[in-house]
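Take a look at the structure below.
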Amino acid sequence: MPPPLFIAIRFIGYRKKAILLSLTGVILGVAFYICAQAQTQGFEQFFIKGTLGSSGAIIIGNRFQSLHTAILDRQGGTMVNVSHAKPRKFYEGITDPERIMRAVNEFSSVTACAPVLEGSAALATDFRQEVFRVQGIDLGLHLKASALREHIVAGRIEDFQEKPSGLILGYGLADKMRAQVGQDVGLIGPDGEYRTFRICALFQTGNLTIDEKFGYIHLKAAQSLLQRPYGISHLMVKLRDPARAPAVAAHFERLFQHRARCWQDRERGSLEIFSLIRISAAITVSTVILLAGFGIFNILTLMVMDKVREIAVLRSMGYRRSDISAIFLWQGVLVALIGSALGCVLGAALTYGISQIPVDIKGFLSAKRFLVHWSVMDYCAATVIAFVAIFLASYFPSRRAARLAPVDILRGSGQ
Amino acid sequence: MSMDATAGVSAANVPLQCSDIHRYLGEAESRVHVLRGVSLQLQPGCVHAIVGPSGCGKSSLLYVMGLLDRPDGGRIALSGEAVEGLTDDQVSCRRNEHIGFVFQFHFLMHEFTAQENVMIPMRRLGRLGVREMQERAAMLLEMVGLGDKTRRNSQHLSGGEQQRVAIARSLANDPQVLLADEPTGNLDTANSERVFQLLTNLVRQQRKALLLVTHNLLVAEASDWIHEMRDGLLTGCRAGRPH
Ligand SMILES: Nc1ncnc2c1ncn2[C@@H]1O[C@H](COP(=O)(O)OP(=O)(O)OP(=O)(O)O)[C@@H](O)[C@H]1O
Ligand SMILES: [Mg+2]
């Protein structure tokens, strides 16, 4: 054991109450930090999972007019790209979806790709009529590309599969319409014709904007309902690593001349709110750690003033300046070590406790339990914050102790 | 100056030696020329006493010779090695290994037992394992007559006992030079007699050099050499009458 550490361990017991108070501050600060991050990220991850599960990592949508028209110049036969001054023109839907799907599936980063025809239709029950977004899906492909199977909360997917006029409704929408599984309802497309569909299942993603607005029918049925034979409005693409979606989407756009939107782009507004909440929670909770750091600064400053004679004698016995500062730095390290270790344990315990609290959130997101996200990064970040704060708190007193001139102290003590 | 004391000793055999030391203290108007060219050689196996009126610079000389304070002029040699060019860390290492201080106040660390206090300089030196350090500390405490109180917290010892622990601590790394600034100043007659006896015996038996600042004339008379100091200068040196 380095000699300064040995001395630090004994010195730390000096002013026990004060140091225990600061240690408690560090423990609570670290624990609260972890806990707050676990919660904010819990909801964020839940939201991301919902959006990935229902709409995929990338949506390939409308074809756009090429920004550049390639023409051959007369002399050299080289290509010249001419940029249009006019804004891009979009053509609704996907042109040649089969070809694009084949190409998309070639990518190793892509795990699945499914065609969707989306449009508005009216849903009519005995109770009321409501306009909603209907998606025509190829069930086999859709189950691979989405988390639809996991989202089913009532009824059976197999019933839908067997029934060409089957309908899977969002849980929130069904609730609003007082519709139940097994019930027959009417769908009215743009032609105004009333078609009967049977509710085979209900789904819930947890994201209310989806659960209250969407319903699925078979692709063929949608094409006839929406009067767009062979039409595909977009492809949803599932990626192995959703984090890489922006780069892949940009690549798709260049390659296919179709609009490709990644989920980060699609949900930018919500994601920004989540990260704002996360940062503000981090700042708020970090102040607890900073306050504890301030307490440690006070304790060590007082200790240096009280221990000047001991410091002078240690110097006379051959302890170097760096040994003296190490005595006080070690005390900070000990508090930081114990504080962040216990804080991490307490933080994990609190996070677990919170995740077990039954809640009934219905709003922007809906969930049955408090949502938490377990991330090693939060524990590291809390520990780093604690160490930095405490290092600063002990650095200045330790430097002061190291700079003391032993001779001045010894003379002042009546020698 | 102290010609008799230095006779017949070669430079390398002199454990500690200083020549023409100058030291100023204070700033601007309050600047004082505290040491005005002091030269002194310590001899192994000898007790050197410094006597003089209060404020004449005895402590200042002790700190400079103990490498705890840097002089403004003059040279210091520790076992023949000049210390002027050494860094602060190197000087600290020399202090740790070659010099033992005893002050008027014991300055023991109250968080530690008597034995642990004696071990503090040994830990810094780092040559012995914990067991060996414990044994050596116990042996040193035994020598100063505190063999039965090694585990006692240093706060729960009498003033005389604490000063004896401080002496054991100054011997921790077996230094060649002992520097004592009024080590008996805070003790009653019986205790100061005992502490002084302890120090002189050590010097004789282990051939250490002791520089002793004292106001006690009886103590001074019993030293080998008595140096008189006045206004920052050593004004005379005479042999004492050791028992
Ligand atoms: N920081 C300082 N500034 C100015 N003068 C100082 C300072 N420190 C000490 N002195 C002066 O230096 C002189 C020598 O002090 P020193 O402590 O060496 O005396 P001393 O001989 O040990 O006295 P005593 O017997 O009382 O211990 C004193 O006159 C003191 O006033
Ligand atoms: Mg003095």
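The values are calculated or read from the model by the stated rules, or taken from the named source; none is laboratory data. From a predicted model like this one, the values you see are computed outputs, not experimental measurements. Glycine gets a Cβ as well: all are built from the backbone with ideal geometry, and neighbour counts include every protein chain shown. These area figures cover heavy atoms from the full protein model, side chains too; ligands, DNA and RNA do not enter into them. Shrake-Rupley method; radii C 1.70, N 1.55, O 1.52, S 1.80 Å.
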Is it the case that some residue within segment A:261-281 is over 21 Å from A:GLN37 (Cβ atoms) and not in a helix (DSSP H, G or I)?
yes
Residues that are away from chain A (no Cβ under 14 Å): find the strands (runs of 3 or more DSSP E) completely inside segment B:23-128 holding 1 or more of those.
B:32-42, B:47-51, B:73-78
Among A:SER280, A:SER322, A:SER316, the single one that is closer than 29 Å to A:PHE43 by Cα and in the same structural domain as A:ILE385 (by TED's automatic domain parsing) is A:SER280
If a residue has to be within 14 Å of another protein chain (Cβ to nearest Cβ), part of a helix (DSSP H, G or I) and open to solvent by 30 Å² or more (accessible area, probe 1.4 Å) to count, how many in segment A:3-45 make the cut?
3
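So that you can scan it fast, the table gives a plain yes or no per residue for (1) at pLDDT 90 or above; (2) away from ligand 1 (no atom under 16 Å from the Cβ):
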{"residue": "A:GLU310", "(1), (2)": "yes, yes"}
{"residue": "A:LEU334", "(1), (2)": "yes, yes"}
{"residue": "A:CYS344", "(1), (2)": "yes, yes"}
{"residue": "A:GLY353", "(1), (2)": "yes, yes"}
{"residue": "A:GLN356", "(1), (2)": "no, yes"}
{"residue": "A:ALA386", "(1), (2)": "yes, yes"}
{"residue": "A:ALA405", "(1), (2)": "yes, no"}
Can you tell me which residues in segment A:174-195 are outside any loop (DSSP other than H, G, I, E, B) and over 14 Å from A:VAL134 (Cα atoms)?
A:ASP175, A:LYS176, A:MET177, A:ASP184, A:TYR194
Listed by first then second residue, the pairs whose first member lies in segment B:78-100 and is of a type in the set (Ser, Thr, Tyr), whose partner is open to solvent by 50 Å² or more (accessible area, probe 1.4 Å) and in a helix (DSSP H, G or I), with beta carbons under 8 Å and at least 6 positions apart or on separate chains, are B:SER79/B:ALA12; B:SER79/B:HIS98; B:SER92/A:ARG321
Counting only residues that are open to solvent by 70 Å² or more (accessible area, probe 1.4 Å) and over 20 Å from B:GLN17 (Cα atoms), which one in segment B:202-243 is farthest from ligand 2 (Cβ to nearest atom)?
B:GLN205
Just one of (1) within 16 Å of ligand 2 (Cβ to nearest atom); (2) of a type outside the set (Asp, Glu); (3) modelled with pLDDT of 90 or more; (4) in contact with a strand residue (DSSP E or B) (Cβ under 7 Å, 6 or more places away or on another chain) trips up B:GLY73, so point out which.
(1)
Evaluate the following for B:GLU161: is it open to solvent by less than 50 Å² (accessible area, probe 1.4 Å) and without any contact (Cβ under 8 Å) to a residue 12 or more places away in the chain?
no
Do any residues in segment B:11-33 that are touching a residue at least 40 places away in the same chain (Cβ under 8 Å) and under 23 Å from A:ALA405 (Cα atoms) have Cβ atoms under 8 Å from those of residues that are acidic (Asp, Glu) and within 16 Å of ligand 2 (Cβ to nearest atom), where the two are at least six apart or on different chains, and which pairs are they?
B:ARG23/B:ASP69
Of all residues in segment B:32-59 being more than 15 Å from ligand 1 (Cβ to nearest atom) and open to solvent by 20 Å² or more (accessible area, probe 1.4 Å), the one that is nearest to B:GLY74 (Cα to Cα)
B:SER39
So which residues in segment B:143-173 are more than 18 Å from the chain's Cα centre (by Cα) and within 12 Å of chain A (Cβ to nearest Cβ)?
B:ASN153, B:SER154
A:ALA249: passes all of (1) closer than 26 Å to A:GLY347 by Cα; (2) not assigned by TED's automatic domain parsing to the domain that holds A:LYS17 but (1)
Among (1) within 16 Å of ligand 2 (Cβ to nearest atom); (2) open to solvent by 10 Å² or more (accessible area, probe 1.4 Å), B:ASP181 falls short only on (2)
